[in-house]
1. Taking residue C:90 in one copy and the same position in all the others, each labelled 7 Å out along Cα→Cβ, what are the pairwise distances from the first, in nm, shortest first?
2. Which of A:157, D:59, C:376 comes first, and how do the rest follow, when ranked by fewest Cβ neighbours within 10 Å?
3. About its Cα centre, how strong a charge dipole does chain A have in debye, to the nearest 20, once Lys and Arg get +1 and Asp and Glu get -1 at the Cβ?
4. Relative contact order for chain C: what percent, with Cα pairs under 8 Å and sequence separation of 6 or more?
5. Between copies, how close do the residue A:52 label points come, placed 7 Å along Cα→Cβ, listed in nm from shortest?
6. Per DSSP helix of 4 or more residues, -39500 (n - 2.57); summed, then divided by the residues of chain D. What does that give at 222 nm, rounded to the nearest 500?
7. Arrange C:175, D:390 by Cβ neighbour counts within 10 Å, fewest through most, would you?
8. How well do other chains shield peptide A:265-272, expressed as the mean number of their Cβ atoms within 10 Å of each residue Cβ?
There are 4 protein chains.
Amino acid sequence: MSGDTSEPLRIGFLGYRFMGKAHANALARLPMFFPDAPDTERSVLVGRDESALADAAERLGFERTATDWRDVVDDVDVFYNLGPNHLHVEPTVAALEAGTNVLCEKPLAPTLDGAQEMADAASESDALAACAFNYRFVPAIQYARRLIDAGEVGDVRQVRGSYMQDWLVDDDAAWSWRNDEEMAGSGALGDLGAHTVDLARFLVGERTGEAERLSGHCQTFTEERPVEGEEGETRPVTVDDAYSAQVEYESGAMGTFEASRVAPGHKNDHSITVHGTEGSLRFSLERLNELEVMTGDARGYETVLVTDEDDPYVDHWWPPGHVVGWEHTFVHENYEFLSAVAEGEASETPRDGGGEAAGAGGDYHPNFQDALAVQRVLDGVQRSDDAGEWVSVD
Amino acid sequence: MSGDTSEPLRIGFLGYRFMGKAHANALARLPMFFPDAPDTERSVLVGRDESALADAAERLGFERTATDWRDVVDDVDVFYNLGPNHLHVEPTVAALEAGTNVLCEKPLAPTLDGAQEMADAASESDALAACAFNYRFVPAIQYARRLIDAGEVGDVRQVRGSYMQDWLVDDDAAWSWRNDEEMAGSGALGDLGAHTVDLARFLVGERTGEAERLSGHCQTFTEERPVEGEEGETRPVTVDDAYSAQVEYESGAMGTFEASRVAPGHKNDHSITVHGTEGSLRFSLERLNELEVMTGDARGYETVLVTDEDDPYVDHWWPPGHVVGWEHTFVHENYEFLSAVAEGEASETPRDGGGEAAGAGGDYHPNFQDALAVQRVLDGVQRSDDAGEWVSVD
Amino acid sequence: MSGDTSEPLRIGFLGYRFMGKAHANALARLPMFFPDAPDTERSVLVGRDESALADAAERLGFERTATDWRDVVDDVDVFYNLGPNHLHVEPTVAALEAGTNVLCEKPLAPTLDGAQEMADAASESDALAACAFNYRFVPAIQYARRLIDAGEVGDVRQVRGSYMQDWLVDDDAAWSWRNDEEMAGSGALGDLGAHTVDLARFLVGERTGEAERLSGHCQTFTEERPVEGEEGETRPVTVDDAYSAQVEYESGAMGTFEASRVAPGHKNDHSITVHGTEGSLRFSLERLNELEVMTGDARGYETVLVTDEDDPYVDHWWPPGHVVGWEHTFVHENYEFLSAVAEGEASETPRDGGGEAAGAGGDYHPNFQDALAVQRVLDGVQRSDDAGEWVSVD
Amino acid sequence: MSGDTSEPLRIGFLGYRFMGKAHANALARLPMFFPDAPDTERSVLVGRDESALADAAERLGFERTATDWRDVVDDVDVFYNLGPNHLHVEPTVAALEAGTNVLCEKPLAPTLDGAQEMADAASESDALAACAFNYRFVPAIQYARRLIDAGEVGDVRQVRGSYMQDWLVDDDAAWSWRNDEEMAGSGALGDLGAHTVDLARFLVGERTGEAERLSGHCQTFTEERPVEGEEGETRPVTVDDAYSAQVEYESGAMGTFEASRVAPGHKNDHSITVHGTEGSLRFSLERLNELEVMTGDARGYETVLVTDEDDPYVDHWWPPGHVVGWEHTFVHENYEFLSAVAEGEASETPRDGGGEAAGAGGDYHPNFQDALAVQRVLDGVQRSDDAGEWVSVD
């Protein structure tokens, strides 16, 4: 679908639950806080349950609903794939083949093959294909990237990422698609680990290169879970409750990664630490306005509240010290994504020929090539866990 | 102004800068997250600089603008007084006399006399008169109040509040109306201390009673400041850069309060601690999703991330661990305020006759009586500082 | 008593409980860690209960015991007054009159008159008269002082000190001499506040001058307490459970102070914060190896582990990161004190004529003049609390 | 060597630097704080450099010196092997063969073969053979063990340990034996990782069983380092600067471990976290008086200052809130070790026949079997790193 940027971008969502709300909110907030963002129209919301869908459309501000994504992917300017993982491949590829820009939630696909198929479709399309790794858009993370790019931590030697949640700690927490390999691909690994691997890649990737080889470990602590609303029924858990991995990057830097859905006391604790030859940085999502910085002559970590006017995105919001929340990452992400879409739509010709390096969408990151690189790591963790050996990532 | 709740509440704002943006954002977000909130219409934005005003109106979503509040206060259902402190009294009183509901920013007025006049107007009006102490609406603060009400900390013996900022630490930071006694009434005391005194009162007031007597201290470290845009010009600073106070409550509980605009390293650090016979609580605005709780058999403070589904307001937002920001306090505040307004508008008769206890507006808090109680403390601090002695608060 | 430094300094202790153990341990550890400290001999331990005394002497390494301090004060080179506050004045004055060096625990005396008498005796004696404000000797505090002296925080504008404990939070916690005005002089004020006031004076006193005027508040929450071992018996509590104070220093800097023995969750939380024109510092005794430093271009507090080789006293102990404990402050204190004693004993003539500025003991700090300055503040707090007005301190 | 417990235990040390000082201090402090500990005599200090040795002996309180450990191992009741790792095997085995009790520093040996030889010698000896994993004796760690044993965290699912230091971050930090494979066996792995693996085993081993298989990764960032005092000379670094490992325990629990000597901002940051089905615990050595506890109905981690009278070892020291330091772990360790020695010496017959489960020394832990179990893990990490595959640990 091509569009004219003097008209609002028509947007379609597949999915209206958690991620649907997060992105709809982001779209709704852009005009007041990012007035130079492209105009958008929440055109159509896609789902299967017509009644729930109608309610959601009203709440989230969509003009109409549809129950088949096939009717939508070539009828909008931008298609947001916010469905469960097993619905990522087919609709996304169809959209890209129709020339419709796509923002797809992470992980890109349940399997590496699916992700490769999507990345191929992106490479052959003139449309922009973005993956929704929203944590790149935390101001403190962008600030960390600035510091790393400026050489403040020197050469990167170690990166450590962990993502701890606790919602499956009880054996009788209900089964959901997130516990099913067919639908989700993996558990903590794909749901949480994908974020961590991407974040590490975003922060230090230009200095470490890609993950070259890795060793992985996945564990399932609860073998089956009750089905909500069906007394006495259970379904098997076919994904990991927790994973860990050791990574060696091209540069020789070491990475250690971990995630868990069974870590009591941790609600959404996505942490990343970088050690370089000149300094260290630390971040935790539960205190997302802060970055701990140890550089230069410092003797310890400095707790920086990343809310000053010249901090990334902050001038759009509030004065120093007036903290933002988790949802703001979506506003920033949508701002960048939609701006790139509008720029692409405005140019007559395909943006850069769709070479593999960038896919379509010019310089926009994280795109499907980025997401594919992440998926290679996720796949490597599973292969390594199966094989009991270190595996190459490529 | 009376209204029909089947129609949207027509809202007028005086002021379109920091607080204007915060409240406009709150109104804009209500439909998606608090669908049972009354419908509102951002009808009219009042200011003096027509060009800036027009820009702001477009950005903040107002239908029209006005340059004289007199034309507005009886032409809307709700009047938000978001102007500088010296503009609080006259327009607010006029609105209340016209039967228009008011939300007025804090502190209520530059002087106790002004605040009294406003509270009197509120008492005589059928309209709701609310003061915008938004920090009452932090989920962690509401949760703290729940714990205190449930007796979890026992009898309250000590409360300590401090509000530290650093934006005036340099002598050459620019002069603004906030440095002028005529316009602001006081400095850190009214701007920051008002929040702290109200928060303490909200949290522990039912257990300690009101502040009975106090001792205060105000200090100005920088006597004059440069005027922006007027090279070489300075204006005198006629308010405090920092204040401190000791309070004795009716119950015998002790309060210690402090604020500063010259505390390096603190951007917006509003902290409050409560010690009771059974436990303690601690909160800091820079980590506003957290409450530190020491109760029962605990041996130390537990860091609670107040983001669970059954935490105050949280079910309207995101899953556990997905933190909210400073601005969410305004959404909650507007939700409560507008709901109370709508309820009042729906009832035929004046809500409770406007007795002093509640003013109009039924049970809504913080109302003008609450704000007047805060102002008595602020006034006491200044009187005590002048007199060099402890003073009664009443 | 004069001594010959080629002989060990003979030391007598009055008191063998908490402080007796702390100082005996310090003496015992000096040879291994501070080999240039003067040799000492734990000669005589003074107490009333002969059986407990004998046990303590064996445990603490004393050669003999005595039940009357009068027999001891002129028979040793150094007299440590570690008894309860009401035993500070008479034995200390007697020792000083006998030319015996004294280390007296804090607060100097139960009353300002007593303290003045002791300071006078010190001024007239050739002996060294030191007060045991051990927290001056925390490495992180010494480091803070270095930073302040080097101008790293600029001019000091605000100092805030608080000392929170919880051991009297229950009404049925047992009565002790620390609850009795006759014996202790005051409660949290003298026991805890003395430390805070001294620490503030040590850190910022050269920049702020002395406390000039202050406002104080004392509160007793539990009026009587049970007597241990005497069922059903209680005694009245005649001291404060908590105090607060506001101070104005000669320079115009503001001080706020507070202590409590009824703050649940705080065991020994002695905290001090300094805000200056160029930076801030923060310290808490419960994490005594750390100093939080915000200076220069820093954007927030840096958590410095003060355990490097060139940090104060650290080269005597362990490699970086190997933390010390509370008791190490006594080792440092005894090292400094005994070194000053030895230096004084080695000189033929009185050290500096006993001028008021330093008392005897040359430049040793904290001496009795320092302790008297602290006592003036404590006394001021009580006078202000009684009078309900700000009082001058002098 | 057998002894008579009515006589002091005669003790010989091999090594007088960092560990020599730490253990000598511990011995010196026992009488005052642990009066029921066996009497000891610091008999002989062994080293090669006679002059440095003589100085050290005087400072550390040894009666005499010796330059050949062969003259010592059968001439004392207890032999402390505090030398570099490559001196652990031969003297220790000789001592055990002579029936002399041994306390050997960690890691037990540079290689698994060496460790096995030592453990065999211990099994065949009547003497007690202990390994100096001092961090087991931190009060907060003992308290953590109590909680885990009491089921407070339920079944253990995940354990995470990391030990971060920064002293080799600069390429020009000097070479030492700790950088040499021959002398040290490994780098961060053996020096730091040994502590972590032991601590995990101590805390959760009874619930997880032993490490069953693991994957390891070692990295050297600086290939050669300058030799101190020899300008322009360098020596190769033949050990790891950092390692990481993933472990699967017999129970299916997951372990992740990591250490680094090149982590800027971390001086001695030994951290361990345990997640179970009912709760979590966290500890860091840089704040060693604290344990973070999340159990029962808690909503987050509670920061417990483990300094109450009924906390492990605390009644020997100071009142609540008066924190201890790193060195106190050695006092506790020596107390337990020497008490076990004295008990063994007092019994006529060999303590328990030297079965493999406990070696000699009855129930004393950590003994050489414990240390051997740790060494198997260290060895596994190196084997896995060499082979590029997961390896069995046995």
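1. 6.9, 7.4, 9.8
2. D:59, C:376, A:157
3. Values: 29 positive and 76 negative charges, 171 e Å.
The calculation lands at about 820 debye.
4. The value is 21 percent.
5. Output for residue A:52: 4.9, 7.2, 7.2 nm, nearest copy listed first.
6. Numbers: 9 runs with 117 residues, N = 394.
Mean residue ellipticity at 222 nm (helix-derived): -9500 deg cm²/dmol.
7. On the way: C:175 20, D:390 23.
So the ranking, lowest neighbour count to highest, is C:175, D:390.
8. So the per-residue partner count for this stretch is 6.
Throughout, read-outs are computed from the coordinates displayed, never taken from laboratory work. What you see is a predicted model, and the numbers here were worked out from it, not measured in a lab. When we count neighbours, we look across all protein chains shown, and the Cβ atoms used for this are built from the backbone with ideal geometry, even at glycine.
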